[in-house]
Amino acid sequence: MEFKIEKKLKKSLGRAGVITTLHGEIETPAFVAVGTKATVKSLNPEQVKDTGAQAVLGNTYHLYLQPGDAIVREAGGIGKFMNWSGPTMTDSGGFQVFSLGVAYGKDISKITKITDPSLLIPERFDDNDAPRLAKIGADGVSFKSHLDGSIHYITPEKSIQIQHNLGADIIFAFDECTSPVEDLKYQEEALERTHRWAERSLREHINLNADKASSFIGLLSPLASGALPLGSSACETPSKRESSSALFGIIQGGRDENLRKKSAKIISETNIDGKYFDGFGIGGSFAKEDMSSAVRWVNEILPENKPRHLLGIGEPEDLFMGIENGVDLFDCVLPTRLGRNGTVYTKFGKIIITNTKFRNDFLPIEEDCECYTCGGKRSDLKGAQGLTLRSQGYSKAYVAHLFHGKEMLAGTLASIHNLYFIVNLVKKIRQTIIDNNFFEFKKEFLKNYLSPHQV
RNA sequence: GCGUCGGUGGUAGAGCGGUCAAAUACUAGGGACUGUAAAUCCCUCGCCUUCGGGCUACGUAGGUUCGAAUCCUACCCGGCGCA
């Protein structure tokens with residue numbers, strides 16, 4: 001993996017660049033589609049590609065449980081397995097330490113509305129035997145499978161081994177995403193743990209690469225003698241080579257400035273015999289107000305020449321914030337989850353498509369949207385005189401009808417629109433960095449998007 | 001015509017003397033969702049309300065009872081059986 005910065009945003013940390021992987025380039029800043037279980041929910045890879053998404057991010061924990069990383073490896077890696085030819089990434093399972101741990105069954109998530117963490121500290125105490133599916137142990141995390149209740153102990157080494165089997169282009173160190181509700185003392189402990197795990201992740205990654213390199217040499221000998229192993233093809237060798245991935249370290253530290261900066265410093269300096277992380281993830285569960293400062297503190301310290309991924313974010317306003325503060329990659333479940341649940345993005349804010357007022361609204365979700373759902377990607381249609389026509393696309397009334405009827409196509413059409421909306425918002429922002437009008441665009445977009453007026 | 005079973009909120013369907021404005025599901029209305037325990041979850045769903053409560057309701061009309069969706073009578077409507 002390589003990363004090249006093309007242009008920097010003046011008076012800020014922002015930049016536009018290109019990440020080159022063995023499966024293609026990612027022009028950054030970029031929004032990566034989330035495909036937890038090796039599928040972007042309700043979309044096939046072609047539909048994902050048509051939204052403009054350049055990469056897909058799967059999940060270690062989910063794919064380890066089902067179908068198992070051995071199967072994915074046998075299939076030729078997550079990309080081949082899911083029939084996605086572009087760049088792929090996998091998350092380490094670190095988020096599940098949080099979502100299946102302290103956050104399990106609670107009203108806390110990636111973004112919390114609680115601004116003052118001290119408000120919730122008392123709750124922590126009568127909370128210790130609350131049911132949870134993830135428990136942090138001495139040198140890893142024990143997970144109780146949400147599928148069948150079986151217990152799995154995931155260590156940093158295990159996470160990296162699984163991720164090597166999954167074979168994504170970019171993989172992440174195993175970390176602990178902490179709850180914003182935890183106090184400073186806990187955040188410190190957790191951060192030290194994440195840092196120890198980071199080093200172990202990196203070490204395992206390097207060891208596995210070394211093993212691969214030696215088995216790769218081993219593979220060469222029968223080829224050199226012209227004796228192809230039965231069942232193998234000439235493609236085998238390059239595909240083995242393709243399995244080498246880049247490892248990103250993850251910064252944590254909650255909302256505390258010192259911890260965030262310390263984490264950025266330690267993770268960026270972590271190395272095994274002079275081998276460092278290839279890029280960085282910025283993790284954590286935030287109160288929304290804390291996010292921009294946390295990102296800025298971190299990115300001021302991280303080396304400029306390596307990509308930074310703001311994990312699990314975000315909403316349009318978060319994307320502007322992140323990009324301005326030096327983030328290169330984002331991923332977020334919102335476009336697809338909101339889509340499946342009947343909420344769609346528009347430049348004037350989100351709308352709930354099932355609302356009564358859309359039942360007889362025969363216009364597309366956004367008339368000038370270029371996504372398939374809104375009709376924009378239908379320019380291949382020809383009129384009587386051979387003129388190119390713009391399809392009317394699907395109307396709000398129709399999409400609403402599909403939701404009311406619980407038709408599968410509902411989630412698909414809404415997800416296509418949402419993913420297109422977010423992916424292309426980031427693309428537009430990238431272009432404004434290159435064209436030197438980022439701040440104007442940001443002001444104009446957010447003025448419309450955050451204002452309450454209707455579509 | 002006789003007998004019999006039944007008629008409950010937008011729908012289906014519990015309730016079978018007080019704790020019933022009536023379980024539950026669906027529909028409907030509104031909302032939430034940020035490295036996916038998620039095609040999920042939450043709230044509302046007779047009318048009025050100063051949110052304490054008030055009023056009208058379980059086919060219709062009477063009656064029994066301190067009290068009836070629940071018991072009795074008549075009538076209306078529907079299913080089934082017999083003529």
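Give me a count of the residues in the stretch A:277-317 that are in a loop (DSSP other than H, G, I, E, B) and near RNA strand B (Cβ under 9 Å from one of its atoms).
Counting residues in the stretch A:277-317 that are in a loop (DSSP other than H, G, I, E, B) and near RNA strand B (Cβ under 9 Å from one of its atoms) gives 8.
For residues that are more than 8 Å from RNA strand B (Cβ to nearest atom) and either under 25 Å from residue A:431 (Cβ atoms) or in a loop (DSSP other than H, G, I, E, B) (or both), tally how many sit in the stretch A:318-357.
So the count comes out to 20.
Somewhere in the stretch A:219-238, is a residue out of contact with any Leu (no Cβ under 6 Å at 6 or more places or on another chain), of a type in the set (D, E, K, R), closer than 25 Å to residue A:70 by Cα and modelled with pLDDT under 95? Explain how you work it out, then say what you get.
Residues of the stretch A:219-238 out of contact with any Leu (no Cβ under 6 Å at 6 or more places or on another chain): A:219-238.
This time we only want the ones that are of a type in the set (D, E, K, R), so: A:236.
Next cut, closer than 25 Å to residue A:70 by Cα only: A:236.
Among the residues that remain, those that are also modelled with pLDDT under 95 are: A:236.
Yes - at least one qualifying residue is present in the stretch A:219-238.
Taking only pairs six or more apart or across chains, which ones have beta-carbon atoms under 8 Å, a first residue in the stretch A:330-343 that is over 25 Å from residue A:280 (Cβ atoms), and a second residue that is part of a helix (DSSP H, G or I) and among the β-branched types (Val, Ile, Thr)?
From residues that are over 25 Å from residue A:280 (Cβ atoms), the pairs are A:339/A:416.
Quick test of your reading of the structure: residue A:146 fulfils all but one of (1) modelled with pLDDT of 95 or more; (2) under 25 Å from residue A:111 (Cα atoms); (3) surrounded by fewer than 22 Cβ atoms within 10 Å (Cβ to Cβ). Name the failing condition by number.
Only one criterion is unmet by residue A:146, namely (1).
Using the structure shown, decide if residue A:109 is surrounded by fewer than 19 Cβ atoms within 10 Å (Cβ to Cβ), polar (S, T, N, Q) and farther than 19 Å from residue A:187 by Cα.
no
Only one of A:175, A:129 is at pLDDT 95 or above, part of a loop (DSSP other than H, G, I, E, B) and acidic (Asp, Glu); which?
Among A:175, A:129, only A:175 is at pLDDT 95 or above, part of a loop (DSSP other than H, G, I, E, B) and acidic (Asp, Glu).
Restricting the stretch A:5-45 to residues that are part of a strand (DSSP E or B) and among the polar types (S, T, N, Q), which is surrounded by the fewest Cβ atoms within 10 Å (Cβ to Cβ)?
A:20
Any idea which residue in the stretch A:269-303 is farthest from residue A:174 (Cα to Cα), counting only those that are over 19 Å from the mean Cα position of the chain (by Cα) and of a type in the set (Phe, Trp, Tyr)?
For the stretch A:269-303, the residue satisfying everything is A:297.
Looking at the stretch A:358-399, which of the residues that are modelled with pLDDT under 95 and not in a loop (DSSP other than H, G, I, E, B) is nearest to residue A:420 (Cα to Cα)?
The extreme case among them is A:388.
The values are calculated or read from the model by the stated rules, or taken from the named source; none is laboratory data. Source: prediction; values computed, not measured. Cβ: placed from backbone, ideal geometry, glycine included. Neighbour counts: every protein chain shown.
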